[in-house]
1. Just checking, does the stretch 146-154 include any residue being under 18 Å from TRP114 (Cβ atoms), touching a residue at least 24 places away in the same chain (Cβ under 8 Å) and within 16 Å of ligand 2 (Cβ to nearest atom)?
2. Name every residue in the stretch 106-119 that is out of contact with any helix residue (DSSP H, G or I) (no Cβ under 7 Å at 6 or more places or on another chain), in contact (Cβ under 8 Å) with a residue 12 or more places away in the chain and more than 13 Å from ligand 2 (Cβ to nearest atom), in order of residue number.
3. With respect to GLY118, is the statement that it is within 15 Å of ligand 1 (Cβ to nearest atom), closer than 20 Å to ASN209 by Cα and not charged (D, E, K, R) true?
4. Looking for whichever is touching a residue at least 12 places away in the same chain (Cβ under 8 Å), of a type outside the set (D, E, K, R) and near ligand 1 (Cβ under 8 Å from one of its atoms) here; the options are PHE55, PHE84. Which one fits?
5. Have a look at THR92, THR73 and point out the one that is within 16 Å of ligand 2 (Cβ to nearest atom), in a helix (DSSP H, G or I), crowded, with 18+ Cβ neighbours inside 10 Å and of a type outside the set (A, V, I, L, M, F, W, C).
6. Give the number of residues within the stretch 109-140 that are β-branched (Val, Ile, Thr) and modelled with pLDDT under 95.
Amino acid sequence: MSRKKSAKGKVGANSPSKSPSGKSSGKITKSYPGIAPLNGVVHPSRPPISNSSEFYDIAFKVMLVGDSGVGKTCLLVRFKDGAFLAGSFISTVGIDFRNKVMNIDGVKVKLQIWDTAGQERFRSVTHAYYRDAHALLLLYDVTNRASFNNVQAWLSEIHEYAQQDVVLMLLGNKADSTHERVVKREDGEKLAKEFGVPFMETSARSGLNVELAFTAVARELKHRSMKDPSETFKLQEYVNKEMRGAGCC
Ligand SMILES: Nc1nc2c(ncn2[C@@H]2O[C@H](COP(=O)(O)OP(=O)(O)OP(=O)(O)O)[C@@H](O)[C@H]2O)c(=O)[nH]1
Ligand SMILES: [Mg+2]
């Protein structure tokens, strides 16, 4: 059942460049080599999801969205490399992607994770990616009230551009920043409930719930694709159970 493809993150002439670490990355650099102008609007090219040197059974595209500075890139780096990008904040330019294959109950689920730029000037680039996304992780920063207030606008955007059945989860990031916190966990929970979206707090710094967020999404996507009617999967219930199991919250 497993497949192996030889091409490694290549997108023809619009190939994303490799990250400095040499790992598979879809970084679109400042000169926008992966962005092709179309009808006057810049549209990034998308690598086919099958381009990977890793074995997998099923593959999905996951997008990270949210205001600039909420920690999207750090969350992805924490998940992929288990490290925290401390130091000066380098805002993402355009869009970037990383692949990770997870083992979900014996099934190899490949996630192609797109890290979008939160800055307004890249919004048209991000819009072009929504329709291909199977799942969206919408982040806000618990130390930044404006990023929380903007969640509703992000949800409207998602509603407009993403597929109707996209898997969506709201993440309140930087939960480690106890002293700087201005958004209570209950506020995040309330908002998520209002919009019927699964929710949890995360920390790219400490690693809190980072693996869980991606695992929950991968499980939901795997469940949907397997279409086994005897099996039911409720994302929020799974998250709550796993968080309790880890002695969290
Ligand atoms: N304390 C703390 N700081 C974090 C966390 N995640 C990210 N940061 C910091 O927040 C800043 C922004 O993080 P990024 O991951 O670059 O933010 P981003 O959402 O990718 O921003 P854009 O690329 O501009 O959209 C950096 O200085 C990080 O070190 C976290 O969980 N806890
Ligand atoms: Mg970024």
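1. To start, the set of residues in the stretch 146-154 that are under 18 Å from TRP114 (Cβ atoms) comprises 154.
Checking the rest, the ones that are also touching a residue at least 24 places away in the same chain (Cβ under 8 Å) come to 154.
Applying the additional criterion that residues be within 16 Å of ligand 2 (Cβ to nearest atom) yields 154.
Yes: the stretch 146-154 contains one or more residues that are under 18 Å from TRP114 (Cβ atoms), touching a residue at least 24 places away in the same chain (Cβ under 8 Å) and within 16 Å of ligand 2 (Cβ to nearest atom).
2. Scanning the stretch 106-119 gives LYS108, LYS110, GLN112.
3. Details: within 15 Å of ligand 1 (Cβ to nearest atom): yes; closer than 20 Å to ASN209 by Cα: no; not charged (D, E, K, R): yes.
It is false that GLY118 is within 15 Å of ligand 1 (Cβ to nearest atom), closer than 20 Å to ASN209 by Cα and not charged (D, E, K, R).
4. Details: PHE55 fails: near ligand 1 (Cβ under 8 Å from one of its atoms).
One residue alone meets the criteria, PHE84.
5. THR73 is the lone residue from the list that is within 16 Å of ligand 2 (Cβ to nearest atom), in a helix (DSSP H, G or I), crowded, with 18+ Cβ neighbours inside 10 Å and of a type outside the set (A, V, I, L, M, F, W, C).
6. Quick first cut of the stretch 109-140, residues β-branched (Val, Ile, Thr) only: 109, 113, 116, 125-126.
From what is left, the residues that are modelled with pLDDT under 95 are 125-126.
Total meeting the criteria: 2.
The values are calculated or read from the model by the stated rules, or taken from the named source; none is laboratory data. The shown structure was predicted, so the numbers you read here are calculated from the model rather than taken from an experiment. Cβ coordinates were reconstructed from backbone atoms using ideal geometry, including for glycine residues, and neighbour counts include every protein chain displayed.
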